[in-house]
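The structure appears below as structure tokens.
The values are calculated or read from the model by the stated rules, or taken from the named source; none is laboratory data. Keep in mind that this is a model prediction, so the values were computed, not measured. For neighbour counting, all protein chains shown are included, and Cβ atoms are generated from backbone atoms with ideal geometry for every residue, glycine included. Ligands, DNA and RNA are stripped out before the accessible areas are found, and what is left, the full protein with its side chains, is counted by its heavy atoms. Shrake-Rupley method; radii C 1.70, N 1.55, O 1.52, S 1.80 Å.
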Amino acid sequence: MSDVINWSGLGFGYIKTPYRFVAHYKDGKWSEGKLITDAQIVISECAGVLQYAQTAFEGLKAYTTADGRTITFRPDLNAERMAQSARRLEMPVLPEGMFLQAVEQVISANRQFVPPYGSGATLYLRPYMFGSSPVIGVKPADEYEFRLFATPVGPYFKGGVKPLTIRVCDFDRAAPHGTGHIKAGLNYAMSLHAIVDAHENGFDENMYLDAGTRTYIEETGGANFLFVTRDGKIVTPKSESILPSITRRSLCYVAEKYLGLTVEHRPVKLSELEDFAECGLCGTAAVISPIGKIVDHGKEICLSSGMNEMGETTKKLYDTLTGIQMGKIQPPAGWLYEIK
């Protein structure tokens, strides 16, 4: 099938590939884990995931670098974050070694679906874990399943990068002391109505504020914010209910160590928006999605970077990080995990 894929024409959607990894947790221990070809899952109608949303997931990509290697980007951090999610949801922690084993085996087995360098496409990896045993009382499941599948996806931006228009959202994404800091399926379910409503009203995304005071900027439904001040500093919001984006952390490192910029990770007030020159959303899918305009209940806040292209500093960050990912710029130690 891979020989008939139009790599440059791919969208960001699911295409079944031949192999996926599965491991089961039962009687207090994980099975060895193995590759399988069956994409269907059969579980009890009373499974914990179906009754009480006991599930967490991750997302990462495999690339073909400029020199022809197959790599994935910082998968150890995905393993670490999944462990944090599992602990918060009272699920068993998957050992990092098994997580990396799953990543390596699935990419290797589906290597023909790793898009060629320069196509703009990548092989997206989706690790996830869920409660599989029957649960009718409100409590954690006794048994769990970990899976990882792969699907080739196209570039997030079709026809070039265009800055987004977003709104300050009236809905709350995450409660203080809740689950906003982990990658749980339930967080994304909560955001579905808000994003559909945003799209219906002509906005690309939502800007969520802290639920406690509605004073501070948090994130969108699936990405962290990154701001650039008028004097070139990088500012990212700090909150206990923000997901620790691997892309955002990588961009901050790049800003400091490669571009010599000052980085501040601190609470960011909504009232500060007009002081910023650039703004973007950080995530696995697009690396950085630039924002050109933020609408706060009818009040338009237009970033000086404009609605035509990425701001100058945002573009440097994007080019440097993607250059590292694609093997064109020397990476920090341990960032590129090569699949032999």
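Considering only DSSP beta bridges whose two residues both sit in the chain, what percent are antiparallel, to the nearest 5? For the chain, the DSSP antiparallel bridge percentage is about 85.
Taking other residues whose beta carbon is less than 15 angstrom from the beta carbon of GLU205, and scoring Lys, Arg as +1 and Asp, Glu as -1, yields -3. Between THR322 and LEU35, what is the FRET efficiency for a Förster distance of 25 Å, r being their Cβ-Cβ separation, to the nearest 0.05? Calculated value: 0.25. For region 222-340, averaging the sequence separation of C-alpha pairs within contact (under 8 Å, six or more residues apart) and dividing by the residue count gives a relative contact order of 24 percent. The simple spin-label model puts a point 7 Å past each Cα toward its Cβ; for GLN112 and SER44 those points are separated by 4.0 nm.
Compared with the alpha-carbon gap, the fully stretched path from CYS302 to GLN84 is longer by 74.8 nm at 0.36 nm per residue.
The spacing between region 311-340 and region 9-28, judged by their C-alpha centroids, is 26 Å.
Normalised by residue number, the volume inside the convex hull of the Cα atoms of region 132-187 is 179 Å³ per residue. Taking 23 Å as the straight-line reach from the Cα of LYS299, the lysines in range (excluding those fewer than 8 positions away in the same chain) are LYS162, LYS269.
With the charge dipole of the chain set up from +1 on Lys and Arg Cβ and -1 on Asp and Glu Cβ about the Cα centre, the Cα lying farthest toward the positive end among the listed residues SER239, ILE195, CYS252 is that of CYS252.
When the chain is treated as a GNM with alpha-carbon contacts under 10 Å, the residue of SER271, SER304, SER245 showing the greatest mean-square fluctuation is SER271.
In terms of overall dimensions, region 1-159 has a Cα radius of gyration and Dmax of 16.6, 54 angstrom.
Springs join every pair of Cα atoms under 10 Å in this Gaussian network model of the chain, and among MET129, MET190, MET310 the largest mean-square fluctuation is at MET190. As a fraction of the 1.4 Å probe accessible area of region 8-88, surface on carbon and sulfur atoms comes out at 48 percent. Computed as a quarter of the hull surface, the mean projected area of the alpha carbon convex hull for region 183-251 stands at 5.7 nm². For HIS181, the shell of other residues with beta-carbons less than 10 Å away shows a net charge of +2, using +1 for Lys and Arg and -1 for Asp and Glu. The GNM of the chain, with springs linking C-alpha atoms under 10 angstrom apart, assigns the highest mean-square fluctuation among ASN78, ASN201, ASN187 to ASN201. Radius of gyration (Cα atoms) of the chain, expressed as a multiple of 2.2 N^0.38 Å: 1.00.
Provide, for q = 0.18 Å⁻¹, the log10 of I(q)/I(0) from a solvent-free Debye sum over equal Cα point scatterers in region 94-242. Evaluating at q = 0.18 Å⁻¹ gives log10 I(q)/I(0) of -1.26.
If Lys and Arg each add +1 and Asp and Glu each add -1, what is the summed charge of the other residues whose beta carbon sits under 14 Å from the beta carbon of ASP38? It works out to a net charge of +3. When a 1.4 Å probe is rolled over the protein heavy atoms, the share of accessible surface on region 197-340 that falls to carbon and sulfur comes to 45 percent. Running Debye on region 250-322 with equal point scatterers at the Cα sites and no solvent, what base-10 log of I(q)/I(0) appears at q = 0.19, 0.23 Å⁻¹? Values returned for q = 0.19, 0.23 Å⁻¹ are -0.86, -1.17.
For the chain, what is the accessible area per residue in Å², given a 1.4 Å probe and the full set of protein chains? Counting only protein heavy atoms, the per-residue value for the chain is 45 Å². Full extension of the chain between GLU264 and HIS193 yields a length gain of 22.4 nm, computed as 0.36 nm times the residue separation minus the alpha carbon distance.
The alpha-carbon atoms of region 1-63, seen along their principal axes, cover 45, 26, 21 angstrom, with the largest extent given first.
The alpha carbon centroids of region 165-201 and region 253-278 are separated by 23 Å.
Cα centroids of region 57-129 and region 211-238: 27 Å apart.
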